[in-house]
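The structure appears below as C-alpha cells.
The values are calculated or read from the model by the stated rules, or taken from the named source; none is laboratory data. What you see is a predicted model, and the numbers here were worked out from it, not measured in a lab. Please note: Cβ atoms are built from the backbone with ideal geometry, for glycine as well, and neighbour counts cover all protein chains shown. Accessible surface is based on the protein model in full, side chains and every heavy atom, while ligands, DNA and RNA are left aside. Shrake-Rupley method; radii C 1.70, N 1.55, O 1.52, S 1.80 Å.
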Amino acid sequence: MTQALEQYSVILIYSAMAVYALAFIGFALDLAKRSSAVKSENMAAGSGSSAGVAFVGQNTGSGRSSATALAERPTAVDAATATAAAAKGTGVGTGRGGASASDESGQRSMTLRLGVTMTVLAFVLQLGAVVLRGIAAGRVPWANMYEFSITGSLLIVAVFLVILLREDLRFLGTFITGLVLVLLGISTVNYYVAISPLPPALQSVWLVIHVFVASLGTAFFAMGFALSTAQLLQNRRETGVEGGRGLARFLNFRLLKTLPDSVRLENLAYRINIVGFAFWTFTLMAGAVWAERAWGRYWGWDTKEVWTFIIWTIYAGYIHARATKGWRGSRSAWLAIIGFAAVLFNFGVVNIFFKGLHTYSGL
Amino acid sequence: MSRPSDHFDSPTPAETSIPAGFENKPGKPGRRGKQGTGGDGDITQPRLGLVGYLRWFWRQLSSMRTALFLLLMLALAAVPGSLVPQRSSDPNGVTQYFVDNKTLAPILDSFQLFSVYTSIWFSSIYLLLFISLIGCVIPRTKHHLDALRTPPPKTPARLARLGGFTTRTVGEPASTADAASRPASSAAVIESARKLLKKSGYRVATFTDANSVSVSAERGYARETGNLVFHIGLVGILLTVGIGGGFGYAGQRVVVEGQTFVNTLLAYDSFNPGRFFTDSALAPFTIKLDRFQATYETQATRSFGMPLDYEASVSTTEGGVPNASTIKVNDPLSIGNSSIYLLGNGYAPTITVKDPTGNVVFTDSVPFLPQDANLTSLGVVKITDGLASQLGLIGFFYPTQDKTASGMSISTYPDAQYPVLSLNVYQGSLGLDTGIPTSVYSLNVDSMKKLTGIQTDLPSIELKPGESAQLPNGLGSVTFDNVKRFASFDVHHDPTSGWVLFFAIAVMGGLLTSLFIPRRRLWVKALEQDDGTIVLEYAGLARGDDPKLEDAVTDLTTRHSAAIAAVAPANPQATLGDSSTNPVGALSGTKNP
Ligand code: HEM
C-alpha cells in the first residue's frame with residue numbers, strides 16, 4: 001500500500017515535470033514574441049518613451065487598477081483599452097501602447113495563457129505527488145532532501161500563482177517553471193530516497209513549522225531574485241547608451257521594453273523580498289527554539305545555523321540598502337541576488353557537503 | 001535628528017510643498033556637513049576640536065552606510081566558521097584538522113579560525129554594529145516619542161504634486177443656483193472628512209487659512225514603533241546572551257542503566273561553565289537511569305532497523321523528593337534549574353577480569369562508542385594494577401553479530417539480538433604515568449604488545465554474554481557478564497533563555513509591524529470658489545514603502561463623497577461634480593516619480 005502510493009507520487013512528479021516543460025515553452029515563446037513584437041512596433045512607431053511603456057505596464061493586468069488612475073488620461077485609456085481588447089478581456093495586456101501591435105499581443109496572450117494554464121495543471125499534479133508522499137509516509141512530506149525539494153518547489157509555484165492573482169508577473173513564468181524543473185530534475189535523480197520513518201531527532205512539531213516556513217521564505221526569495229534580476233537588466237537598458245552592451249544588448253532591450261520600469265520592478269522585488277525576510281526571520285527563531293528543545297542550546301554556530309544567519313544578515317543588509325542613500329536601486333538589487341545565491345548554496349551545498357548536526361538530508 | 005542623515009525615505013515629489021519631517025534631511029548646518037553620498041563634507045567644516053571629531057566619528061558610526069557595511073561584513077565574517085571545524089561545535093573535527101593539515105592548521109589557528117565566533121575580529125564587527133545600532137536608535141526613539149505627541153503638521157500649500165492627487169467639486173456654480181442651494185460650508189465638509197479619517201485610525205488636525213479649510217491626517221506611527229522595538233530587541237538579545245550566558249553551564253555525562261548521576265562538578269564527563277559560573281549554580285538533584293529503551297523498525301524491509309524511538313526511564317530526586325519520569329529526544333526533563341537532554345545512547349558490556357588465582361581485578365559496565373547505524377561499538381578497558389603487567393583491551397561489540405564471506409564480524413541490526421563481544425588484548429605500558437591526559441575511549445598502544453587478533457598468533461577473544469575466556473600468557477581470565485544500555489545526557493542550565501525568547505518575540509513583532517504597516521499622511525482641502533462651489537482636493541504622502549497609498553486616497557475620496565451625498569438630500573440641488581472636466585484634474589492619477 002505504502003509502496004504503491006510512493007510509486008504514484010513519483011509518477012505524478014514526472015507528469016508534473018512534463019507539464020512544467022510545456023508551461024516553460026509557453027512562457028518562453030511569449031518572451032520571444034515580446035521581442036519581435038516590440039521590434040515591429042519600433043519600426044512602425046519609433047522607440048516610445050520608456051516611461052510611457054512602464055506606465056501602461058503597471059496599470060493593466062490587475063483589472064481593477066485602470067479605473068481611477070487612468071480615467072483622466074485619454075491617451076493612456078486608449079492604449080489600455082486597445083491592449084485589453086487585444087487580450088480578449090482576460091485582463092492580460094502586459095502593457096505596451098499602440099494598437100498596431102494588437103496582433104502580436106493577441107498571440108502573446110495565447111502563449112501566456114497556455115503557460116499559466118500548464119503551470120496550474122502541473123502545480124495540481126505536483127500537489128498530488130506531495131500529498132501522496134505525505135500519506136504514504138504518514139507524516140509531513142519534508143523530512144529529507146528529496147522531500148524538501150518537491151515540497152519547496154511546490155511552494156515556489158504556489159507563491160508565484162498567488163502573486164499572479166494580484167500582479168501580472170507572468171513574464172517571470174519562464175524563470176519560475178525553469179527553476180522548478182531544474183530542482184525537480186536534480187532531486188529525483190540525485191536525492192531520491194525511499195520513504196523511511198522519522199528518526200527520533202526529527203520527531204517534533206518544529207519539523208513541521210520550521211522547515212515549512214523556511215521553504216515558504218525560500219519561495220518568496222526566489223520571486224524576489226527574479227524581479228531583482230529583471231530590475232538590473234531594465235536599469236541597464238534605461239541608463240545605457242542606445243544599443244546597450246552585454247546581456248542587456250543580447251536581449252536587445254526589446255523584451256525589456258515590455259516589462260515594468262526598473263523602479264516598479266524594484267518596488268515589487270522589495271515587497272516580495274520583505275515577505276521572504278519575515279518568514280526567514282521566523283525560520284531562524286523557530287530553529288533556535290527547536291535547537292533548544294533538541295540539543296539544549298538555542299544557538300551553537302552549527303554550519304546550518306551559520307548559513308541561516310548569513311542569509312538573514314544579507315537580506316537585512318538588502319533592506320537597509322534600500323533605505324540608504326546611494327544604495328537604493330542596482331546596489332540593493334545585487335544584495336537580493338547574492339542573498340538568494342546564499343539560499344541556494346545553503347540548500348544545495350551546505351546540506352550535503354558540510355559537516356554538522358543537521359545531517360538529516362537523508363542521503 | 002530622527003534618522004541617520006543618509007537615510008533614504010520613500011521618494012518624495014520634486015516640488016517644495018513637503019511638510020517638515022518628510023524630506024530627506026540635508027543635515028543641520030554647523031553640526032554636520034552634507035553627508036549624502038560624498039560623506040566627507042565635514043572635512044571642509046571649521047575645525048571643531050576633539051569634541052567635534054568625536055561627534056563626527058559618532059555620526060559616521062551611526063550612519064546607515066556604516067550599519068550596512070557592518071552588516072555585510074558580519075555576513076562575510078561568518079562564512080569561514082562553516083568551512084573550518086569550530087572548537088565550540090566540533091572539537092574532534094579540529095583535532096582531526098590539525099592531524100590532516102599539519103602546516104596549514106597552525107596558521108589558521110593564529111587567525112582564530114577555529115573559534116571564529118568568539119574571535120577578536122568577529123566580535124569587533126558585531127560590537128561595532130551594535131554600538132552603531134544604539135547610536136542610531138536612541139535619537140530616533142526620542143524623536144519618535146516627540147512625534148507621538150505632536151499633531152499632524154500643517155497641510156501643504158499645494159497638494160497637486162502629492163500622491164494620488166484627486167479633486168472633486170461640490171455644489172453648483174452660483175449662476176445656476178440660488179443662495180438656498182449653496183453647498184454645506186467648507187468647514188462642514190472638512191469636518192466630515194475629519195470624522196472619516198479619525199474613524200479609520202488616523203490622527204487628525206484641521207487648519208484654516210485665508211482661502212481654504214483642510215484636514216491633515218497621519219497614520220502608521222506603529223511602523224516606526226515597530227522598527228524601534230525590532231532594533232532594541234536585537235540589543236536585548238545580544239545583551240542577555242552576552243552577559244546572562246555567563247551564568248549558565250552545560251555538562252555531559254554518560255549513564256549506564258542502573259547508575260545514578262549526582263549533579264556535582266566531579267560527576268560530569270565534561271563540563272563547560274559560563275564565565276560567571278560558581279558551584280552554587282549546580283542545583284542538587286540525582287538521576288538514576290532505570291532503563292533505556294530503543295525501538296527499531298521491524299516491518300518495512302527497506303528501512304529495517306532504523307530507530308523509531310528512544311526513551312530513557314529515570315528516577316530522580318530533587319530536594320529529597322523522589323520522582324519517576326522519562327527523557328526523550330526532543331523532549332527534555334526539567335529538574336532543579338536545569339534541563340536534561342537525551343543526546344546519545346549505546347551499549348555498555350559488563351566485563352570482568354580476574355587474575356590467575358581468580359581474584360577480580362576489574363569489573364565494570366564499560367560504555368562502548370557506536371560506530372555505525374547498526375551500533376557496532378568500540379570500547380577500551382584499561383587494567384592498571386593487579387596483573388603481572390598492565391593490560392589493555394580493545395573491544396568491538398556487535399549487538400547482532402554476523403560474519404561476512406571473508407569472515408569479518410559485522411552487526412546487522414542495532415538491537416541486541418545476538419550480542420557478541422570481540423577483544424584484542426595488549427600487554428605493556430598503558431602510558432598513564434606520562435602526565436598527558438588520555439581518553440577513556442582510546443588506547444595508546446605505542447609501548448604495548450598485541451597478543452590477540454590480526455597480526456598475532458591468536459584469534460581475537462569472542463564472547464557471548466556469560467562466557468569467559470583465558471587471557472594469553474597465563475595473565476588471567478576475562479568474562480563478558482552481560483550487556484547494558486547507556487544514555488548520554490546533556491545537562492544545561494541557561495538562565496537567559498526565557499529572556500532571549502522574550503526579545504525574539506519582540507523582534508519578530510516589531511519586524512512585522514515595521515515592514516507591513518504603512519505610514520502615510522492624507523490631506524483633504526476645501527477651497528471655496530468665487531462661483532460658490534467648493535473644490536475638494538485629496539492627496540497622500542507615503543513614508544516608506546506603501547503600495548496602497550493611491551488606493552487609500554481613492555478610497556477616502558469615494559467614502560467622503562458618499563458621506564457628503566448622504567447629507568445632501570436635505571439640500572437636493574447640491575451635487576457632486578466629477579473633476580474630469582477640471583483642468584487640474586487632468587493631473588490626477590499621476591504617479592510620483
Ligand atoms: C544588528 C544590526 C541591525 C540589523 C540586523 C538590522 C535590521 C533591520 C531590518 C531587518 C530592518 C527592516 C525592518 C524594520 O524596519 O524594522 C531595518 C530597518 C532599519 N534599520 Fe536596521 N538593523 C541593524 C542595525 C541598524 C543600525 C545600526 C541602524 C542605524 C544606522 C539601523 C537603522 C535602520 C533604519 C533607519 C531602518 C528603517 C529602514 C526603512 O526606512 O525602511 N539599523 N533594520
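For A:N346, indicate whether it is touching a Phe, Trp or Tyr at 6+ places or on another chain (Cβ under 6 Å), more than 12 Å from A:Y270 (Cα to Cα) and open to solvent by less than 20 Å² (accessible area, probe 1.4 Å).
Yes.
Each row is one residue, and each column tells you yes or no for (1) at negative phi; (2) open to solvent by 40 Å² or more (accessible area, probe 1.4 Å).
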residue	(1), (2)
B:S406	yes, yes
B:Y413	yes, no
B:G428	no, no
B:T434	yes, yes
B:S468	yes, yes
B:S477	yes, no
B:F480	yes, no
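Just one of (1) of a type in the set (F, W, Y); (2) out of contact with any Gly (no Cβ under 9 Å at 6 or more places or on another chain); (3) over 27 Å from A:G134 (Cβ atoms) trips up A:F225, so point out which.
For A:F225, the failing item is (2).
Among the numbered criteria (1) within 13 Å of chain A (Cβ to nearest Cβ); (2) closer than 30 Å to A:A137 by Cβ, which single criterion is violated by B:S313?
(1)
Let's see how each residue does on (1) open to solvent by 20 Å² or more (accessible area, probe 1.4 Å); (2) part of a helix (DSSP H, G or I); (3) in contact (Cβ under 8 Å) with a residue 40 or more places away in the chain:
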residue: A:L259; (1), (2), (3): no, no, yes
residue: A:V275; (1), (2), (3): yes, yes, yes
residue: A:F282; (1), (2), (3): yes, yes, yes
residue: A:A286; (1), (2), (3): no, yes, yes
residue: A:V289; (1), (2), (3): yes, yes, yes
residue: A:A316; (1), (2), (3): no, yes, no
residue: A:G326; (1), (2), (3): yes, no, no
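Quick check on my filter: what residues within region A:328-337 are in contact (Cβ under 8 Å) with a residue 60 or more places away in the chain, of a type outside the set (A, V, I, L, M) and more than 7 Å from chain B (Cβ to nearest Cβ)?
So the first thing to find is which residues in region A:328-337 are in contact (Cβ under 8 Å) with a residue 60 or more places away in the chain, and the list is A:328-330, A:332-334, A:336-337.
Next cut, of a type outside the set (A, V, I, L, M) only: A:328-330, A:332, A:334.
Matches in region A:328-337: A:G329, A:S330, A:S332, A:W334.
Given the options B:V500, B:V524, B:V478, B:V535, name the one that is within 14 Å of chain A (Cβ to nearest Cβ) and touching a residue at least 60 places away in the same chain (Cβ under 8 Å).
Within the list B:V500, B:V524, B:V478, B:V535, the selection yields B:V500.
Could you please find all residues in region B:441-456 being in contact with a strand residue (DSSP E or B) (Cβ under 7 Å, 6 or more places away or on another chain) and either closer than 21 Å to B:L369 by Cβ or surrounded by 18 or more Cβ atoms within 10 Å (Cβ to Cβ) (or both)? If you could, list the steps in order and put the result at the bottom.
Step one: filter region B:441-456 for residues in contact with a strand residue (DSSP E or B) (Cβ under 7 Å, 6 or more places away or on another chain), giving B:441-443, B:445, B:447-453, B:456.
Matches in region B:441-456: B:Y441, B:S442, B:L443, B:V445, B:M448, B:K450, B:L451, B:T452, B:G453.
Can you tell which of A:W290, A:W334, A:W299, A:W295 is within 16 Å of the ligand (Cβ to nearest atom) and aromatic (F, W, Y)?
Working: A:W290 fails: within 16 Å of the ligand (Cβ to nearest atom); A:W334 fails: within 16 Å of the ligand (Cβ to nearest atom); A:W295 fails: within 16 Å of the ligand (Cβ to nearest atom).
Step by step, each of A:W290, A:W334, A:W299, A:W295 is checked, and only A:W299 is within 16 Å of the ligand (Cβ to nearest atom) and aromatic (F, W, Y).
Please go through region B:242-277 and give me each residue that is open to solvent by less than 30 Å² (accessible area, probe 1.4 Å) and more than 22 Å from the chain's Cα centre (by Cα), ordered by number.
Selection gives B:G251, B:V254, B:V255, B:V256, B:F261, B:N263, B:A267, B:Y268.
What do you reckon, is B:G509 within 13 Å of chain A (Cβ to nearest Cβ), surrounded by fewer than 16 Cβ atoms within 10 Å (Cβ to Cβ) and within 16 Å of the ligand (Cβ to nearest atom)?
When the stated conditions are applied, B:G509 passes them.
Identify all residues within region B:513-535 that are closer than 24 Å to B:Y202 by Cα, away from the ligand (no atom under 12 Å from the Cβ) and of a type outside the set (A, V, I, L, M); write none if there are none.
Of everything in region B:513-535, those that are closer than 24 Å to B:Y202 by Cα, away from the ligand (no atom under 12 Å from the Cβ) and of a type outside the set (A, V, I, L, M) turn out to be B:R520, B:R521, B:W523, B:K525.
List every residue pair whose Cβ atoms lie under 9 Å apart, where the two residues are 6 or more positions apart in sequence or sit on different chains, the first residue falls within region B:59-85 and is more than 8 Å from chain A (Cβ to nearest Cβ) and more than 13 Å from the ligand (Cβ to nearest atom), and the second residue, located anywhere, is open to solvent by less than 20 Å² (accessible area, probe 1.4 Å) and outside any helix (DSSP H, G or I).
Between residues of region B:59-85 that are more than 8 Å from chain A (Cβ to nearest Cβ) and more than 13 Å from the ligand (Cβ to nearest atom) and residues that are open to solvent by less than 20 Å² (accessible area, probe 1.4 Å) and outside any helix (DSSP H, G or I), the close pairs are B:A77/B:S119; B:V84/B:F114.
Within region A:161-207, which residues are within 13 Å of chain B (Cβ to nearest Cβ), out of contact with any Phe, Trp or Tyr (no Cβ under 8 Å at 6 or more places or on another chain) and open to solvent by 60 Å² or more (accessible area, probe 1.4 Å)?
Of everything in region A:161-207, those that are within 13 Å of chain B (Cβ to nearest Cβ), out of contact with any Phe, Trp or Tyr (no Cβ under 8 Å at 6 or more places or on another chain) and open to solvent by 60 Å² or more (accessible area, probe 1.4 Å) turn out to be A:R166, A:Q203, A:V205.
So for region B:309-328 (the condition being without any contact (Cβ under 8 Å) to a residue 40 or more places away in the chain, surrounded by 14 or more Cβ atoms within 10 Å (Cβ to Cβ) and out of contact with any Ser or Thr (no Cβ under 9 Å at 6 or more places or on another chain)), does at least one residue qualify?
yes
Look at region B:148-175 and say how many of its residues are of a type in the set (A, V, I, L, M) and either open to solvent by 70 Å² or more (accessible area, probe 1.4 Å) or within 16 Å of the ligand (Cβ to nearest atom) (or both).
Summing the residues that are of a type in the set (A, V, I, L, M) and either open to solvent by 70 Å² or more (accessible area, probe 1.4 Å) or within 16 Å of the ligand (Cβ to nearest atom) (or both) in region B:148-175 gives 1.
Quick one: would you say B:K382 is more than 20 Å from B:S439 (Cβ to Cβ) and over 42 Å from the mean Cα position of the chain (by Cα)? Spell out how you get there, then give the answer.
On the way: more than 20 Å from B:S439 (Cβ to Cβ): no; over 42 Å from the mean Cα position of the chain (by Cα): yes.
Criteria not met by B:K382.
Taking region B:329-350 on its own, how many of its residues are out of contact with any strand residue (DSSP E or B) (no Cβ under 6 Å at 6 or more places or on another chain) and open to solvent by less than 20 Å² (accessible area, probe 1.4 Å)?
Of the residues in region B:329-350, 1 are out of contact with any strand residue (DSSP E or B) (no Cβ under 6 Å at 6 or more places or on another chain) and open to solvent by less than 20 Å² (accessible area, probe 1.4 Å).
Say we look at region B:62-110 and pick out the residues that are under 26 Å from A:I338 (Cβ atoms) and open to solvent by 70 Å² or more (accessible area, probe 1.4 Å); which of these is nearest to the chain's Cα centre (by Cα)?
Looking at the filtered set, the residue picked out is B:L76.
Taking the residues in region B:291-306 that are open to solvent by 30 Å² or more (accessible area, probe 1.4 Å) and not polar (S, T, N, Q) as candidates, determine which candidate is nearest to A:G296 (Cα to Cα).
It comes out as B:R291.
Given (1) at pLDDT below 90; (2) of a type in the set (A, V, I, L, M); (3) open to solvent by 70 Å² or more (accessible area, probe 1.4 Å), where does B:L239 come up short, assuming only one miss?
Single failed check for B:L239: (1).
Within region B:102-147, track down each residue that is within 11 Å of the ligand (Cβ to nearest atom) and closer than 30 Å to B:R203 by Cβ.
Residues satisfying the conditions are B:L133, B:I134, B:G135, B:C136, B:V137, B:I138, B:P139, B:R140.
Within the set of pairs 6+ apart or on separate chains, which have a first residue in region B:125-138 that is more than 11 Å from chain A (Cβ to nearest Cβ), a second that is more than 9 Å from the ligand (Cβ to nearest atom), and C-beta atoms under 7 Å apart?
Filtered contacts from region B:125-138: B:G135/B:W58; B:V137/B:I232.
When region B:359-374 is examined, which residues are found to be loosely packed, with under 14 Cβ neighbours inside 10 Å, touching a Ser or Thr at 6+ places or on another chain (Cβ under 8 Å) and farther than 20 Å from B:G258 by Cβ?
Hit for region B:359-374 is B:D372, nothing else.
Need a quick list: strands (runs of 3 or more DSSP E) entirely within region B:299-352 having at least 2 residues that are in contact with a Lys or Arg (Cβ under 9 Å, 6 or more places away or on another chain).
Qualifying strands (runs of 3 or more DSSP E): B:307-318.
So that you can scan it fast, the table gives a plain yes or no per residue for (1) away from every other protein chain (no Cβ under 12 Å); (2) at pLDDT below 95:
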| residue | (1), (2) |
| --- | --- |
| A:A248 | yes, yes |
| A:L256 | yes, yes |
| A:S262 | yes, yes |
| A:T283 | no, no |
| A:W299 | no, yes |
| A:E305 | no, yes |
| A:W312 | no, no |
| A:Y315 | no, no |
| A:A323 | no, yes |
